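Undergrad: Quick one: structure below, then a few questions.
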Amino acid sequence: MDMRFFVPIVIMMLLLGCTNTAENGKSDANNTTNVNTTGVNMSKNTTVVFETTKGNFTAEIYEKDAPITSANFLNLVKTGFYNGLTFHRYEPGFVVQGGDPKGDGTGGSGKTIKLEINSKLNHELGSLSMARAQNPDSASSQFFIVIGEAGFLDGQYAVFGKVKSGLDIALNLRKGDKMNKVYIVQS
């Protein structure tokens, strides 16, 4: 078998098998349109701070370009859902994943959301994307941060944000590192 095709298939199988359930929500952002050169709406997006055992980083959440996924994530942040959870998965040069209250890749928030794909949002370095099970509409609370090449995930997983500052911290996260506190800051 040609290994160029085998490795991405194995990685995708790992991603598909590491999550299950999230909350359907609506964005309450009333943003004006302001698009950067990649087509991502940059107007008044919410910033989230991740205080981790490795240090702090911030992420911009794309509320206009991924309203369902963003609302789900931000609602969980507002309730303190992610506080104290670990990053339960680390794939070198690919992703680091967290947001599972069980800590083993099988848990979620108890609710799921519909898969939301926006062709303007890609799995580039620092992107935040929702993990899910094999069912495309099974995303819940688990998310991953892209730490390497992951463009083959475009169109299959919902990108909803990107690390804005502290990318070096995010790139150094490993399995077992903790999200001490995750919270919203007004920009």
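The values are calculated or read from the model by the stated rules, or taken from the named source; none is laboratory data. What you see is a predicted model, and the numbers here were worked out from it, not measured in a lab. Here the Cβ positions follow ideal geometry from the backbone for every residue, glycine too, while neighbour counts run over all protein chains shown.
Undergrad: Filtering the range 127-143 down to residues that are over 15 Å from Gly107 (Cβ atoms) and in contact with a Gly (Cβ under 8 Å, 6 or more places away or on another chain), which residue is modelled with the lowest pLDDT? Before you say what the answer is, go through the steps one by one.
TA: Of the residues in the range 127-143, the ones over 15 Å from Gly107 (Cβ atoms) are 127-129, 134-137.
Those left that are additionally in contact with a Gly (Cβ under 8 Å, 6 or more places away or on another chain): 127-128, 134.
Values: Ser127: 98, Leu128: 98, Gln134: 95.
Result: Gln134.
Undergrad: Here is a list of conditions, (1) outside any strand (DSSP E or B); (2) buried (at least 17 other Cβ atoms within 10 Å of the Cβ), and Met179 meets all of them except one; can you say which number that is?
TA: (1)
Undergrad: Filter the range 149-162 for residues that are of a type in the set (Gly, Ala, Ser) and over 14 Å from the mean Cα position of the chain (by Cα); which is farthest from Glu63 (Cα to Cα)?
TA: Filtering the range 149-162 for residues of a type in the set (Gly, Ala, Ser) gives 150-151, 155, 158, 161.
The next check asks that each one be over 14 Å from the mean Cα position of the chain (by Cα); those that pass are 151, 155.
Working: Gly151: 21, Gly155: 18 Å.
The qualifying residue farthest from Glu63 (Cα to Cα) is Gly151.
Undergrad: Given the conditions (1) out of contact with any strand residue (DSSP E or B) (no Cβ under 9 Å at 6 or more places or on another chain); (2) part of a loop (DSSP other than H, G, I, E, B), and given that Phe152 satisfies all but one, which numbered condition is not satisfied?
TA: If we test Phe152 against (1) out of contact with any strand residue (DSSP E or B) (no Cβ under 9 Å at 6 or more places or on another chain); (2) part of a loop (DSSP other than H, G, I, E, B), just (2) comes out false.
Undergrad: Restricting to the range 155-166, give me the number of residues that are touching a strand residue (DSSP E or B) at 6+ places or on another chain (Cβ under 7 Å) and over 13 Å from Asn72 (Cα atoms). Can you show your working first?
TA: Just the residues of the range 155-166 that are touching a strand residue (DSSP E or B) at 6+ places or on another chain (Cβ under 7 Å), to begin with: 157-166.
Checking which are over 13 Å from Asn72 (Cα atoms) leaves us with 157, 162-166.
Looking only at that region, the number is 6.
Undergrad: Being within 19 Å of Ile61 (Cβ to Cβ), of a type in the set (Gly, Ala, Ser) and under 15 Å from the mean Cα position of the chain (by Cα) narrows it down to one residue among Ser140, Ser165; which is it? Don't jump to the end; show me each part of the working.
TA: Working: Ser165 fails: under 15 Å from the mean Cα position of the chain (by Cα).
So the residue among Ser140, Ser165 that is within 19 Å of Ile61 (Cβ to Cβ), of a type in the set (Gly, Ala, Ser) and under 15 Å from the mean Cα position of the chain (by Cα) is Ser140.
Undergrad: Still on this model: Out of the residues in the range 151-160 meeting the condition of being in contact with a helix residue (DSSP H, G or I) (Cβ under 7 Å, 6 or more places away or on another chain) and closer than 17 Å to Lys114 by Cα, tell me which one is surrounded by the fewest Cβ atoms within 10 Å (Cβ to Cβ).
TA: First, the residues of the range 151-160 that are in contact with a helix residue (DSSP H, G or I) (Cβ under 7 Å, 6 or more places away or on another chain): 152, 158, 160.
Next cut, closer than 17 Å to Lys114 by Cα only: 158, 160.
Details: Ala158: 26, Phe160: 29.
Filtering the range 151-160 for residues that are in contact with a helix residue (DSSP H, G or I) (Cβ under 7 Å, 6 or more places away or on another chain) and closer than 17 Å to Lys114 by Cα, the one surrounded by the fewest Cβ atoms within 10 Å (Cβ to Cβ) comes out as Ala158.
Undergrad: Moving to a separate point now. Within the range 161-176, which residues are part of a loop (DSSP other than H, G, I, E, B) and surrounded by fewer than 16 Cβ atoms within 10 Å (Cβ to Cβ)?
TA: Filtering the range 161-176 down to residues part of a loop (DSSP other than H, G, I, E, B) leaves 166, 172-176.
Asn172, Arg174, Lys175, Gly176 - these are the residues of the range 161-176 that are part of a loop (DSSP other than H, G, I, E, B) and surrounded by fewer than 16 Cβ atoms within 10 Å (Cβ to Cβ).
Undergrad: Pull up the range 108-140, narrow it to residues that are in contact (Cβ under 8 Å) with a residue 24 or more places away in the chain and out of contact with any strand residue (DSSP E or B) (no Cβ under 9 Å at 6 or more places or on another chain), then point me to the one that is surrounded by the most Cβ atoms within 10 Å (Cβ to Cβ).
TA: Residues of the range 108-140 that are in contact (Cβ under 8 Å) with a residue 24 or more places away in the chain, as a first pass: 108-134, 137-140.
Narrowing further to those that are out of contact with any strand residue (DSSP E or B) (no Cβ under 9 Å at 6 or more places or on another chain): 109-111, 119, 134.
Details: Ser109: 22, Gly110: 12, Lys111: 16, Ser119: 9, Gln134: 10.
Of everything passing the filter in the range 108-140, Ser109 is surrounded by the most Cβ atoms within 10 Å (Cβ to Cβ).
Undergrad: Among the residues in the range 177-184, are any more than 15 Å from the chain's Cα centre (by Cα) and among the basic types (Lys, Arg)?
TA: Among the residues of the range 177-184, at least one is more than 15 Å from the chain's Cα centre (by Cα) and among the basic types (Lys, Arg), which makes the answer yes.
Undergrad: Being assigned to a loop (DSSP other than H, G, I, E, B) and either touching a helix residue (DSSP H, G or I) at 6+ places or on another chain (Cβ under 7 Å) or closer than 16 Å to Asp65 by Cα (or both) is the filter here; which residues of the range 125-136 pass it? I'd like the intermediate steps shown before the answer.
TA: Looking only at the range 125-136, we keep the residues that are assigned to a loop (DSSP other than H, G, I, E, B), and these are 125-126, 131-136.
Answer for the range 125-136, where residues must be assigned to a loop (DSSP other than H, G, I, E, B) and either touching a helix residue (DSSP H, G or I) at 6+ places or on another chain (Cβ under 7 Å) or closer than 16 Å to Asp65 by Cα (or both): Gly126, Ala131, Ala133, Gln134.
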